[in-house]
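The values are calculated or read from the model by the stated rules, or taken from the named source; none is laboratory data. Predicted model, so just to flag it, every value in this text is computed and none were measured. Cβ coordinates were reconstructed from backbone atoms using ideal geometry, including for glycine residues, and neighbour counts include every protein chain displayed. Heads up: the accessible areas ignore ligands, DNA and RNA and are worked out on the full protein's heavy atoms, side chains in. Shrake-Rupley method; radii C 1.70, N 1.55, O 1.52, S 1.80 Å.
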Amino acid sequence: MRLYSFFRSSAAYRVRIALGLKGLSYDYVSIHLAKGEQYNSQYGSVNPQNLVPVLEDEGNLLYQSLAIIQYLEETHPEPRLIPVAPLERNRVRSLALIIACEIHPLNNTRVLNYLTGSLGLTEDQKREWYHHWVKTGFTALERRLATEPWTGRFCHGDTPGFADISLVPQVANANRFKVDLTAFPTIVRINAECLKLEAFRKAAPENQPDA
Ligand SMILES: N[C@@H](CCC(=O)N[C@@H](CS)C(=O)NCC(=O)O)C(=O)O
């Protein structure tokens, strides 16, 4: 397999964690987002959305991090990242989607660049925007994780899975933008638990070849 990735991309980080948890090896192809390489015509023919990640498996191009992870779950079911019971599946998917749908898209590079570029916001206003949407999403996520009985050592029970895979990259990103996380103790605790595991540490931005 071949992963089109960028060390700081949290969506690519999700796929790197999933590949690691499943023990799958892959070649790393760096698309340097800060240098605008996602807009090269060559990469545009790989992903018309000009986003990372893309996973190539036996010549097939796979898109969208969470859909890629579900593909990996279907093709390499062990170890399981998504539980079997429908209620539990809904729980882990909904936790992951709080991050992937409600936080991350608002804080993506191209969105932040649009704020300071076309809309003329200052760096301080951009930071304010970033912090606002992370805190809004994390407030809901913290409440669910802190009160729902299924939360264990990890987001769902005592094994790492789909929700943790979304959580850890978003926490790394929030730390990079210096968001104060003291109001989110359960998120901070689970993030620390995940980072004890090699699959999460190996997938971290600082451990990528293009870091
Ligand atoms: N929903 C997509 C999001 C992908 C995405 O937003 N990737 C970001 C990096 S985390 C990207 O490539 N950004 C390039 C840009 O903003 O120009 C997924 O989960 O794969």
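A compact table of results
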quantity: Dipole-positive endmost among LEU141, VAL54, PRO160 within the chain (Cβ charges, Cα centre); calculated: LEU141
quantity: Extension gain (nm, one decimal) between ALA67 and VAL84, 0.36 nm per residue minus Cα-Cα; calculated: 4.4 nm
quantity: Accessible area per residue, Å², the stretch 1-151 with all protein chains present, probe 1.4 Å; calculated: 52 Å²
quantity: Structure-based [θ]222 nm, the chain - -39500 (n - 2.57) summed over DSSP H runs of at least 4, per residue, nearest 500; calculated: -15500 deg cm²/dmol
quantity: Whole-Hz ³J(HN,Hα) from phi, Karplus 6.51 cos²θ - 1.76 cosθ + 1.60, for the stretch 121-131, glycine and proline x; calculated: 6, 7, 4, 5, 5, 4, 4, 4, 4, 4, 4
quantity: Rh by Kirkwood over Cα pairs, then Stokes-Einstein D for the stretch 151-197 at 1.002 mPa s and 20 °C, µm²/s; calculated: 200 µm²/s
quantity: Under 5 Å, built H, 5+ apart or other chain: amide partners of THR151; calculated: GLY157
quantity: The stretch 67-109: equivalent-ellipsoid semi-axes (sqrt of 5 x gyration tensor eigenvalues, Cα, Å); calculated: 23, 14, 6
quantity: The chain: relative contact order in percent, alpha carbon pairs under 8 Å with at least 6 residues between; calculated: 27 percent
quantity: Considering only the chain, percent of DSSP beta bridges that pair antiparallel, nearest 5; calculated: 60 percent
quantity: HN-Hα J in Hz across the stretch 84-89 - Karplus 6.51, -1.76, 1.60, θ = phi - 60°, x for Gly and Pro; calculated: 8, 5, x, 5, 6, 4
quantity: Cα-derived Rg over Rh, computed across the stretch 125-166 with Rh taken as Kirkwood radius; calculated: 1.12
quantity: Within the chain: Cβ-based charge dipole about Cα centre, in debye rounded to nearest 20 (Lys, Arg +1; Asp, Glu -1); calculated: 400 debye
quantity: Separation between Cα centres of the stretch 136-211 and the stretch 37-75, rounded to whole Å; calculated: 24 Å
quantity: Kirkwood Rh, Cα atoms: Rg over Rh of the stretch 86-211; calculated: 0.99
quantity: Backbone HN-Hα couplings from phi across the stretch 17-30 [Karplus 6.51/-1.76/1.60, Hz, Gly and Pro as x]; calculated: 5, 4, 4, x, 4, 8, x, 9, 9, 7, 8, 9, 10, 7
quantity: Part-to-part distance (alpha-carbon centres) for the stretch 88-117 and the stretch 1-36, which is given in Å; calculated: 18 Å
quantity: Other-chain or far-sequence residues with amide H under 5 Å of VAL29's (modelled H); calculated: LEU3, TYR4, SER5
quantity: The stretch 77-143: radius of gyration and largest Cα-Cα distance (Dmax), Å; calculated: 16.0, 48
quantity: The chain: radius of gyration and largest Cα-Cα distance (Dmax), Å; calculated: 16.8, 49
quantity: Tail weight of P(r) past 16 Å, computed on alpha-carbon pairs of the stretch 35-146, percent; calculated: 71 percent
quantity: Kirkwood-based Rg to Rh ratio, the stretch 1-77, C-alpha trace; calculated: 0.95
quantity: Fraction of accessible area attributable to carbon and sulfur, the chain (%, probe 1.4 Å); calculated: 53 percent
